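The next block holds one structure in the form of structure tokens; read it before the comments.
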Amino acid sequence: MKQNNKLGVRHLVEICHQKGIESIVISPGSRNAPLIIAFTKSPHIKCYSIVDERSAGFFALGLAQQTNKTVALVCTSGSATLNYAPAIAEAFYQRISLLVLTADRPVEWVDQADSQTIRQKNIFENYIRKSFELPQHLSTNDDVWFADRLICEAIDRCQQPVSGPVHINLPASEPLYEGFDDQIPKPKIISTSEIQLSLKDDQLKKLAKAWNSHTKKLIICGMLAPNDALNKLLTFISDDSSVIVLTENTSNLYHSNFNSCIDRTLSSITEDEIGKFKPKLLISIGNQIISKKIKVFFREYRPEEHWHVDSSDLFLDTFQSLTQNIPLNPLQFFEGLKPHILFKESNFANTWQQRNEWVKQKHHAILENCEYTDLKVIDELLKAIPLNSNLQMGNSTPVRYAQLFDNRKDLTYNCNRGTSGIDGSLSTAVGASIGNKIPTTIILGDLSFFYDSNGLWNNYLNQGLKVIIINNRGGGIFRFLDGPSNTEAFEEFFEATHQLNAEGIAKSFNVSYQKAMSLKELSERLTELYHPNNNKTCILEIFTPREKNAEVLKDYFKQLL
């Protein structure tokens, strides 16, 4: 075969195109020069340039999250590779499809004190769907066949059988900037057929019989992408008086029959009432669940049966009560079960729904008289966000506060709850705003913002993203926890108190900045922020009283009893 030292890279780009990859996020470097040149020459793939690899990883995650398509990442060798790790771990547990391409130094120079050379092979092995390393040199036809086959498998693995990140490491020797203009043969494309799993008839009948035998059934829904068909199925099932559906806003499921404020309702249940609210059959679907209260509830008051329905290969027993693992997509499961369902006479759903309505009235009464704190601010924000928006929520307190408020049917809710870290919320939101092309708001805390302020370091802030920072001068979540707040090191090492503000950062990145320090100012700023003619990316920083926030929230839960 005719030698071309960039054949593997050029085949990689073409196979990416043929397999439907439309976007790639590139961080600058020299060892990845062949990848940069080859991808930017392609007329079919949109290239984004993000300098900070950690931010780039989360930007790609947000883009893939909203488009439901594989997004590729490219970085240079060495520690640049390691900076992808937080986003890759989040993508793994959120099941988001990323193709991670890391340039590497020649294999013979690993551990030989050569610059930017570390052990990159299988570097993400604990949180990756699969890892590959391409041959360093393609000298024979068999080498080309082998490389093409690996690339095809890697891209298909990003979405089958379960979506997630896949890593290809690419050792490259010099010259790095030549060999892109010669004619080369087209790569061989190998496709993977999609399959649809289903329960065996005897298994389905067995599960249906068990379902129909119970008069107290509870379906709890974790993190899910919006799915109209699943929403309609659960709506149908929720008309059964023996079934209650609990959701969180990250479930992206909505109906008036559903209980979308789990913590709010659970906080009102006394010890004597447990029996009325405890299900005999618990079915969990979706990914991570935010509510710690519901985890404690089901671990302490375990149902007779717990089925977990999920196409992932993880064996999830979040409530320590699992009796049946059902490795199916929830939509397929409920579609199969639906013809066999017999509605049962029961007061179970009504018990939950009545309590939800009673607590909702209390919630509104509390908020009417609530003083200016985080709780009141979140109430105002959730009412102000425009119709048909994407709401990105930061960890730790914003996403927890948001669970206390009824879901809005017109919003899509997202949060990095795969690993629940604060490290990439802003960058994810920037990528999401590019991918979804609808109004996007990110609500995050001050530590989350400062930690990820490089999320603003790019040229793609033209989608009108609204960045809302709740600045309570530290990690407010730790004031709600008895352990940390009782230690002498609390303020310095847990809460990390500070006197910083975001105005200088906004100026550095040429982003509009506003601030609010009272309810009146907040109302005025929100009117300006969401004015129909305001299409710029803007920061609104809201300063709240650090010590008062925890007092008000604790009192809120006491008043729900």
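Put simply, segment 1-77 fits an ellipsoid with semi-axes of 22, 16, 8 Å; these come from the alpha carbon gyration tensor as the roots of five times its eigenvalues, largest first.
The overall shape of segment 337-376 is prolate: from the C-alpha gyration tensor, with semi-axes ordered a ≥ b ≥ c, the ratio a/c is 1.5 or greater and a/b exceeds b/c. The GluC sites (Glu not before Pro) of segment 1-110 meeting both criteria, a DSSP state outside H, G, I, E and B (loop) and at most 15 other C-beta atoms within 10 angstrom of the site's C-beta, are Glu22. What angle do you read, to the nearest 10 degrees and between 0 and 90, between the alpha-carbon axis of helix 519-529 and the longest principal axis of the chain? The angle comes out at about 40 degrees. Ranked by the mean number of other Cβ atoms within 10 Å per residue, highest first, peptides 183-192, 218-227 order as 218-227, 183-192. Each residue of segment 367-372 was assigned a 3J(HN,Hα) from its phi angle through the Karplus expression (A = 6.51, B = -1.76, C = 1.60, θ = phi - 60°), giving 5, 4, 10, 6, 7, 5 Hz with x at Gly and Pro.
By how many nm would the segment from Lys338 to Gln361 grow when fully extended, if each residue of separation counts as 0.36 nm and the alpha-carbon distance is taken off?
Numbers: separation 23, 0.36 × 23 = 8.28 nm, distance 3.40 nm.
That pair, Lys338 and Gln361, stretches by 4.9 nm at full extension.
Here the 3J(HN,Hα) profile of segment 352-362, calculated from phi with Karplus coefficients 6.51, -1.76 and 1.60 at θ = phi - 60°, is 5, 5, 5, 5, 4, 5, 5, 5, 4, 5, 4 Hz, Gly and Pro shown as x. Between the beta carbons of Arg302 and Gln196, assuming R0 = 35 Å, the FRET efficiency works out to 0.60 to the nearest 0.05.
Considering only the other residues whose Cβ falls under 12 Å of the Cβ of Leu98, what net charge follows from Lys and Arg at +1 and Asp and Glu at -1? Each step should come with its number before you reach the end.
On the way: positive: Lys69, Arg95, Arg129, Arg157; negative: Glu90.
Surrounding charge for Leu98 is +3.
Provide the three semi-axes, in whole Å and in decreasing order, of the ellipsoid equivalent to segment 224-335 as defined by the square roots of 5 times the Cα gyration tensor eigenvalues. Intermediate results must be reported in sequence, preceding the final value.
Numbers: eigenvalues 90, 61, 36 Å².
Ellipsoid semi-axes (Å, largest first): 21, 17, 13.
Sort segment 7-171 into rounded, prolate or oblate with this rule: let a ≥ b ≥ c be the square roots of the eigenvalues of the Cα gyration tensor; rounded if a/c is under 1.5, and if a/c is not under 1.5, prolate when a/b is larger than b/c, oblate otherwise. Because its axes are fairly even, with a/c under 1.5, segment 7-171 counts as rounded.
Please give the net charge around Leu82, taking every other residue with its beta carbon less than 11 angstrom from that of Leu82, where Lys and Arg add +1 and Asp and Glu add -1. Every neighbour counted, the sum reads +1. Any idea what angle helix 53-67 forms with the longest principal axis of the chain, computed on alpha-carbon atoms, 0 to 90 degrees, nearest 10? Approximately 70 degrees, to the nearest 10. For segment 530-547, backbone phi angles converted through the Karplus equation (6.51, -1.76, 1.60; θ = phi - 60°) give residue-by-residue couplings of 9, 4, x, 8, 8, 9, 8, 6, 9, 10, 10, 9, 10, 8, 10, x, 4, 6 Hz, Gly and Pro being listed as x.
Could you tell me the center-to-center distance, by alpha carbons, between segment 290-305 and segment 159-205 in angstrom? Here the two parts' Cα centres lie 39 Å apart. For Ser23, the residues whose amide H sits under 5 Å from its own are Lys46, Ala72, ignoring neighbours fewer than 5 places away on the same chain, with H placed 1.01 Å from N. With respect to the chain, whose longest principal axis is taken over its alpha-carbon atoms, helix 7-18 is tilted by about 40°. For Ser512, the amide hydrogen comes within under 5 Å of the amide hydrogens of Ile539, counting only partners 5 or more places away or on other chains and with H modelled in the peptide plane.
Taking a ≥ b ≥ c as the square roots of the eigenvalues of the Cα gyration tensor, an a/c ratio of 1.5 or more together with a/b no larger than b/c marks the chain as oblate. Subtracting the Cα-Cα distance of Phe146 and Tyr460 from 0.36 nm times their residue separation leaves 109.3 nm of extension gain. Within a straight-line Cα-Cα reach of under 22 Å, Lys6 can be paired with the following lysines, leaving aside sequence neighbours fewer than 8 residues apart in one chain: Lys19, Lys41, Lys46, Lys121, Lys186, Lys188.
Counting only other residues whose beta carbon sits under 15 Å from that of Phe334, what net charge do I get with K and R as +1, D and E as -1? Taking every other residue near Phe334 into account, the sum is -2.
None of the figures in this text is laboratory data; all of them are computed from the coordinates on show. Bear in mind that the values here come from a model prediction, so they are computed numbers and not experimental data. FYI the Cβ positions are ideal-geometry reconstructions off the backbone, even for glycines, and counts take in every protein chain you see.
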